2 protein chains.
Amino acid sequence: MRPIESLGEKEVIRILTSRMEIPETPIPFGDDVSAIRIERNLLAVLKTDMLVGRTDVPPGMSLRQAARKAVVMNVSDFASKGVEPVAVLVSLGLPKGLKEEEIREIGEGLNEGAREYGAYVIGGDTNEASDLIISCSLLGFSDKENLVNRFGAKPGDIVAVTGEFGKTAAGLKILIEGLTVPDKIGNPLKEAVLMPKARLKEGVALSKTGGLTSSIDSSDGLAWSLYELLDASNVGFIIDNLPVAKEAVEFSSIYGLDPYELSLYGGEEYELIVTIDPDFWEESKRSVEKSGGSLIKIGVTTKEKKIVLKLDGEIRGIERRGWEHFRI
Amino acid sequence: MRPIESLGEKEVIRILTSRMEIPETPIPFGDDVSAIRIERNLLAVLKTDMLVGRTDVPPGMSLRQAARKAVVMNVSDFASKGVEPVAVLVSLGLPKGLKEEEIREIGEGLNEGAREYGAYVIGGDTNEASDLIISCSLLGFSDKENLVNRFGAKPGDIVAVTGEFGKTAAGLKILIEGLTVPDKIGNPLKEAVLMPKARLKEGVALSKTGGLTSSIDSSDGLAWSLYELLDASNVGFIIDNLPVAKEAVEFSSIYGLDPYELSLYGGEEYELIVTIDPDFWEESKRSVEKSGGSLIKIGVTTKEKKIVLKLDGEIRGIERRGWEHFRI
């Protein structure tokens, strides 16, 4: 009988659900969010995800930042669907020894994360646990036709992202390994980890154009998320532009690292990865820019179910790996 | 600065929310469930609560039973509001070393808990944690006028419960302290702990009569929950009938315990405690019985804000204590 650490998250979910009765829902089980029909065209959209202190809070992150992040990582999944969160519920596991001021900080961080994206914390529950556990649930509403899925990408669609990559992987290296780098690049890299942003405005703007054929956030890493889209949509991708943040490039050159490696397999980076019907490209780009964000073309969707990376004129391999819980 | 273990759950929640922006919602913050208005009269009702292996899973409880309980304890709060759950989301924290078969058992238990009450598990998330953590979120819908609150009890209202008390406190003693008792009483007492039932049918039936003035479940103990109603409704109670399960009475006589003590301060017992406008008493009782349950009058609501226990002709004190997290 295999123990959990040899399984990986996908296999754990497959085993968990192997004897469950899974109903037909407007969004398939295992997608980033769940949905239930309220009436003909109106859906209640739900998401739950848990922050665990031991694995999700790097050194240097305050409790306020951790609590904010617990909300933001859920909002990012809503962003990928173009759904605005309305309400946040929080179930807390709090370790003994936590001080009054630390509890207050957690409350502040939760409020901050919710209010930043227009939602409110409306309830929750507290418990005693060994780890710090911040389990957030989000509720929002969506018209059925506006809800973006993962399986609609078609050959010829443009692949685009909402920002540059590599910052959180570099920032995590700095925080976890205690590396010293000049503040000018160290500060923005650490900030990317400590104060992540969900691309909600961008996701909402994109979902309204009608040209979005599939969407996912990059929280498990750019490479991993591209493979998720490949699986769900049964297509492939040629990626010929990988926007790496200049701070990540500088950091890589100091430590002799490959900036593409940081960008592809980093994880905890909350950009959106989307495919767009080319007829809607100009409109999509304009609409994201109008929302205050940016949309960067990184490649094209292909029929052949594989991912080809053409970077700096060279073809590189892209592995199916990223951040997956349980794997050692 | 006080550490969490000297605070108690109520104070922890007060500190957590001290710098939060709490919006006006159809149900006040801190009630058993939360609600958001969807349209004029239709509410989305939400609840989240976490089962922590270390504190909520007694010896002898299987993982399947633990997972089922994680759902049932949330359903019980929906029951107190008369709301049927539609969807369950689950966020799991799983410790290393967990076996494939154990993961499958958790999935089965979650499905069992949901299906027993007409709901489905529609999504979730898995994480690595030190403790077993099963954080469930429930979604349901309710007409605004059907949603029962805690603050409507009026002097003269009948106080009633949906079943007998004392079984889970006795069952927990058997499981935790390893006591030996004859199977005839030991089995039902352990069963009360291992396979708790939420009084959903009863709660839904009661909410439809229109005579329910306040309601709560007894998961924190009968005494504690009565004090919660007292606070919220600003009334008092005379309790002159405390239905104790016969197995709890027998268990008490074997071990020289006070069966009322087990019934008042036990906790984890998922009966409903309700107040009912006396004009609706007969109809309420009939309607609960028609749903397959029972409704037992235990006393009356009074103007004076205190709880008087008149049991076996004697007046007894009733303390404000029960199961509260964090307190040692």
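Computed from the coordinates by the stated procedures, all read-outs in this text should not be read as laboratory data. It should be emphasised that the depicted structure is a prediction, and the values quoted were computed from it without experimental measurement. FYI the Cβ positions are ideal-geometry reconstructions off the backbone, even for glycines, and counts take in every protein chain you see.
Here are a few things to note about the model shown:
- The fraction of Cα-Cα pairs per 10 angstrom bin, counted from 0 for chain B, comes to 6, 25, 35, 26, 8, 1 percent, rounded to whole percents.
- Summed residue charge, Cβ within 15 Å of B:P259's Cβ, Lys/Arg positive, Asp/Glu negative: -4
- Treating each Cα of the protein assembly as shown as an identical point scatterer and summing with the Debye formula, the log10 of I(q)/I(0) at q = 0.08 Å⁻¹ comes to -0.61.
- Cβ charges +1 (Lys, Arg) and -1 (Asp, Glu), total dipole of the stretch A:4-146, debye: 60 debye
- Set of aspartates and glutamates near B:K285 by C-alpha distance (under 19 Å), chain-local residues within fewer than 8 positions excluded: B:D157, B:E164, B:E202, B:D217, B:D240, B:E271, B:D277
- Shortest-first nm distances, B:G30 label point to equivalent points in other copies (7 Å, Cα→Cβ): 4.4
- Cα-Cα over 25 Å, subset of A:K99/A:K184; A:K167/A:K297; B:K10/B:K306; A:K10/A:K305; A:K190/B:K96; A:K69/A:K201: A:K99/A:K184; A:K190/B:K96
- Model label sites at B:Y255 and A:R37, defined 7 Å from Cα along the beta-carbon direction, differ in position by 5.1 nm.
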